[in-house]
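Enquirer: Sending over a structure as structure tokens; questions will come in a sec.
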Amino acid sequence: MALMDFIKKQFIDVIQWTEDSDGTLAWRFPMAGMEIQNGGTLVVRESQMAVFVNEGKVADVFGPGTYKLTTQTLPVLTYLKNWDKLFESPFKSDVYFFSTRRQIDQKWGTPQPITIRDKDFGAVRLRAFGNYAFRIADPKLFHTEISGTRESYTVAEVDGQLRGLVLQNISNAIASSGLPFLDLAANQIAFANALAQELQPAFAKIGLQLEAMTVQNVSLPEELQKILDQKIGMGMVGNDMGKFMQYQTAQAIPKFAEGAGNGGVAGDAMGLGAGVALGQVLAQNLQQGLQGGAAQAAPAAAAPVGVRPDEVMATLEKLADLKAKGILTQEEFDTKKAELLKKLV
């Protein structure tokens, strides 16, 4: 009786996989010291596929269903093993199960800002993050390219590879979308669709199918965000340089006062002098704004009296810095420079 029990343990009548946890993509049925009973049963559940592998070569692939294992249901394995149609002996073969369920909420993001070309700003460094979902579409290809002969292969083990594919294709996705950065940040669905289109071929090469892609946030590094805010501020005043300089001057006064307050007697004196100078510039700018059309009709009469050369040079340096950052165009810079130089005549 003990001998019969021993013999029965060596032959497998039913081959199946009951997934007991999430995140497993591939699982090898334990075959050590055992053989498959000819006429045995293979059970492949919904959201699963099974692959028979003979001596390293992928043989037959089974979708969901229940199968009786004979030479008729295993044509490729029968060919590889040179069985005849009357073969009825137990046989050895590796059997791998693959989960075809959708693997959801997989995170992706840019650990460092990436540089892209943009219509409005030229070169822009941005950050983005979101999530995606995928599933195994071709278990044969996934087995040969990724999971191999491992006892099991999990989502966590392929996560780094997939994140790398996402980051590698972000620049191409933005270029193919044709959207400038401002529209890109406002239309994240279009960005996600363009990114998914770029990624589909890369996922297919390893037997996967990209099921969903979302972009949850697109942002600029802090220093570039400040420049963007300045450009938006110019747009709000209709790109009027006089009004923009008034805005910049008003923003600078509290910063000078704050810095001077922490600098002792010398710092207080410097802050007082800077405050007086900035106050004069602010008063001149406000006066120009109030005069409006009259100032344009008689620029010589509206020009401030007694402007010092060092003040003009300091203003020109600020304007050159704005031009270098892309906030001012060359034409706007040249116009303002000409106005300032006239004040020295």
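Enquirer: Select from the stretch 94-191 those GluC sites (Glu not before Pro) which occupy a DSSP coil region and have at most 16 other Cβ atoms within 10 Å, ordered by residue number.
Expert: E151
Enquirer: Given the peptides 171-178, 48-55, arrange them by the average over their residues of other C-beta atoms within 10 Å, most packed first.
Expert: Top to bottom by mean Cβ count within 10 Å: 48-55, 171-178.
Enquirer: Rounded to the nearest 10 Å², what accessible area does Y132 show when all protein chains are kept and the probe is 1.4 Å?
Expert: 10 Å²
Enquirer: On a full-extension model of 0.36 nm per residue, what is the gain between D183 and Y79, subtracting their alpha-carbon distance, rounded to one decimal in nm?
Expert: Extra length available between D183 and Y79 comes to 31.6 nm.
Enquirer: List the residues whose amide H sits under 5 Å from the amide H of E35, counting only those 5 or more places along or on another chain, with H placed 1.01 Å from N in the peptide plane.
Expert: F11, I12
Enquirer: Also, I was wondering about something else. Using the structure shown, select from K107/K318; K119/K343; K119/K337 the pairs with a Cα to Cα distance greater than 32 angstrom.
Expert: Distance filter (> 32 Å) returns K107/K318; K119/K343.
Enquirer: What number comes out for accessible area per residue over the stretch 69-125 if the probe is 1.4 Å? Units Å², please.
Expert: Heavy-atom accessible area per residue stands at 61 Å².
Enquirer: Note down the nm distance, to one decimal, between modelled labels 7 Å out along Cα→Cβ at K107 and at L141.
Expert: 2.9 nm
Enquirer: Sort 21-27, 120-126 for me by packing, meaning the mean count of neighbouring Cβ atoms within 10 Å per residue, highest on top.
Expert: Peptide ranking by packing, descending: 21-27, 120-126.
Enquirer: Shifting gears a bit: Sort 187-200, 28-41 by packing, meaning the average of other beta carbons within 10 Å per residue, with the highest value first.
Expert: Result, highest mean Cβ count within 10 Å first: 187-200, 28-41.
Enquirer: At a 1.4 Å probe, what is the % contribution of carbon and sulfur to the accessible area of the stretch 2-133?
Expert: Carbon and sulfur atoms account for 53 percent of the accessible area of the stretch 2-133.
Enquirer: Given a Förster distance of 41 angstrom, what is the FRET efficiency for D94 paired with T329, based on the Cβ-Cβ distance and rounded to 0.05?
Expert: 0.05
Enquirer: To continue, here is another question. Relative to the present Cα-Cα distance, how much length would full extension add between S47 and T115 at 0.36 nm per residue of separation?
Expert: Difference between extended and current length: 20.5 nm.
Enquirer: Still on this model: Tell me the net charge near R102. Cut-off is 14 Å between Cβ atoms, R102 excluded, with +1 for each Lys or Arg and -1 for each Asp or Glu.
Expert: Neighbourhood net charge equals -3.
The values are calculated or read from the model by the stated rules, or taken from the named source; none is laboratory data. Bear in mind the structure is a predicted one, so any value in this text is a computation, not a measurement. For neighbour counting, all protein chains shown are included, and Cβ atoms are generated from backbone atoms with ideal geometry for every residue, glycine included. Note: accessible area is taken over every heavy atom of the protein model, side chains too, but ligands, DNA and RNA are not part of it. Shrake-Rupley method; radii C 1.70, N 1.55, O 1.52, S 1.80 Å.
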